[in-house]
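Notes to accompany the following structure.
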Amino acid sequence: MASSPAPINLASSLLGGSPTYKMACDQLYEVAGVMGTDAGIIGRLAIPKRSLVVAVPIRMDSGEVRTFVGYRVQHSITSGASKGGLRYAPHVDLGEVAALSMWMSWKVGLMNLPFSGAKGGIACDPTKMSRGELERMTRRYTEEVLPIIGPRVDVMAPDMGTDEQTMAWIMDTYSMKVGYACPEIVTGKPVELGGCVGRREATGRGVMYCILEAMGELKIKAEGSTAVVQGFGNVGSVLCQELFQRGVKVIAIGDRTGSIRDTQGIDIPALTRHVAAGKELCKFPGVTVIPDDELLTTKCTVLAPCAMERVITADNAPRLDCRVLAEGANGPTTIEADRILAASETFVIPDILCNAGGVTVSYFEWVQDLQQYFWDESQVNDKLRELMLKAFRRVRTQAKELNLTNRMAALSLGVNKVALEKAKRGLYP
Ligand code: NAD
């Protein structure tokens, strides 16, 4: 592993010693060591280009004023407008957002999209806030980050705890500031406001394309194989539906309310209706409720963590019992766990490849908004599949040719693209 230059230690302390940011930096040093990246470039890649921390005071429904802390980190501006999701969750901090922005840079680099990486977030619990409170918080956050966003500067999208409606409020707040409707300021917005058909499903669908490709390589038939999915939100629920339609039995699912199992296969359409009706996943009738720590170690063909970071650790990695690990979430596997998996038979589809369907269709949405010319869903899905499979094959070729793990192969392609562009442009971007 390459040693970390001194400025990076400074950045680590500025970013609050966050374990997620440290994990992103350690991955960068490892891949840079393998690829022989110039130390000056590593320093520039390890420290986000621009980070903004804002106070977001709002009046709650009770009349009380509460101030939330919001973040927007633009990891890079080298390769085009920066692009990345906005996350609402209690644990959000500057280090987590910085790490996620760095992973976005490698992801858009790997996918060859004309963007740089960014991420945003507000430390809050959206499940305990009313719609009015969420709207006031989103609009105020947008006002506070206004100086550093724009359709050619930085474009947000949904992530954990945010959705199409959040994007609609951002689009409206920005549009009222500039004086005209500006759909291209965000992606993942409602179709009625210039959103892209198929964007909501894109991340889960992209995960499914990767899983089927991996199964093909491993000569495993989808029909009759099994899956375990952590997270039943945007990514996890769509993935479950896609797998169900292809005859893969989803035998266990977990979310923040608990974990359930049915070895005969969970009825995904019925579970989707149950959760859409506002009921808790773990109250779904006819299944066994299992302890959360049993979910990830359940025997299955495909394990898909689609919730949060750092859930596969040195502690549970030796007990995983899956053939394919499909990382729908960002950063679900720690560096230590990754080393354990690299020495096992597990076929890892790394996050920056596996969940890249979301930003890929976000790119399609941005292009359509700029051109004011809209595609139909079959065009979107065909193009998504084409770009996902192209990236998957590039990763596999790189892994075989350089004898790298899939993660190192994917990271090397993403990091190299950004490093090359930085080297060619000069020191400013
Ligand atoms: P979401 O808010 O729609 O869903 C999150 C899910 O995770 C929910 O089911 C929630 O209950 C579950 N969860 C939260 N805490 C949990 C815990 N402690 N244990 C188990 N489950 C827990 O979020 P999402 O958009 O589906 O994002 C999930 C992951 O996918 C995140 O890592 C996100 O960064 C990544 N991702 C999302 C997109 C996208 O387009 N939405 C794109 C790329 C990557």
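Here are a few things to note about the model shown:
- In this structure the range 194-251 gives 34 Å² per residue of accessible area when probed at 1.4 Å with all protein chains present.
- All aspartates and glutamates inside 14 Å of K400 as judged from Cα atoms, apart from same-chain residues fewer than 8 positions distant: E217
- For the range 303-400, chymotrypsin sites (Phe, Trp or Tyr not before Pro) meeting the loop criterion (DSSP other than H, G, I, E, B) and having at most 13 other Cβ atoms within 10 Å: Y373.
- If R0 equals 35 Å, the separation of the Cβ atoms of N112 and S175 corresponds to a calculated FRET efficiency of about 0.70.
- Taking every alpha-carbon pair in the range 200-349 and binning the separations at 10 Å intervals from zero gives 12, 47, 35, 6, 0 percent.
- Ignoring aspartates and glutamates fewer than eight residues from K279 along the same chain, the ones with Cα atoms less than 17 angstrom from its Cα are D255, D267.
- 14 Å beta-carbon shell around V367, net charge (K/R +1, D/E -1): +1
- Under 16 Å from the Cα of K221 - lysines, other chains or at least 8 residues apart: K249
- Scaled against 2.2 N^0.38 Å for its residue count N, the alpha carbon radius of gyration of the chain is 0.93.
- Residue-normalised accessible area of the range 6-180, expressed per residue, 1.4 Å probe, Å²: 36
- What a 1.4 Å probe finds exposed on the range 290-394 is 48% carbon and sulfur by accessible area, rounded to a whole percent.
- For the range 6-180, lysine pairs separated by 8 or more sequence positions, or belonging to different chains, with Cα-Cα distances below 27 Å total 14.
- Principal axis box of the range 6-180, alpha-carbon based, largest edge first, Å: 55, 35, 23
- Positive minus negative residues near G194 (Lys, Arg vs Asp, Glu; Cβ under 13 Å): -4
- With K and R counted +1 and D and E -1, the other residues having a Cβ less than 14 Å from that of K424 yield a net charge of +2.
- Rg ratio for the range 203-287: its Cα radius of gyration over 2.2 N^0.38 Å, N being its residue count, equals 1.05.
- Sparse-neighbour loop sites [GluC sites (Glu not before Pro); the range 120-199; at most 16 other C-beta within 10 Å; DSSP]: none
- Taking the C-alpha atoms of the range 276-429, convex hull volume expressed per residue in Å³: 190
The values are calculated or read from the model by the stated rules, or taken from the named source; none is laboratory data. Bear in mind the structure is a predicted one, so any value in this text is a computation, not a measurement. Glycine also receives a Cβ, built like all others from the backbone with ideal geometry; neighbour counts cover every protein chain displayed. With ligands, DNA and RNA removed, areas are computed over all heavy atoms of the protein, side chains included. Shrake-Rupley method; radii C 1.70, N 1.55, O 1.52, S 1.80 Å.
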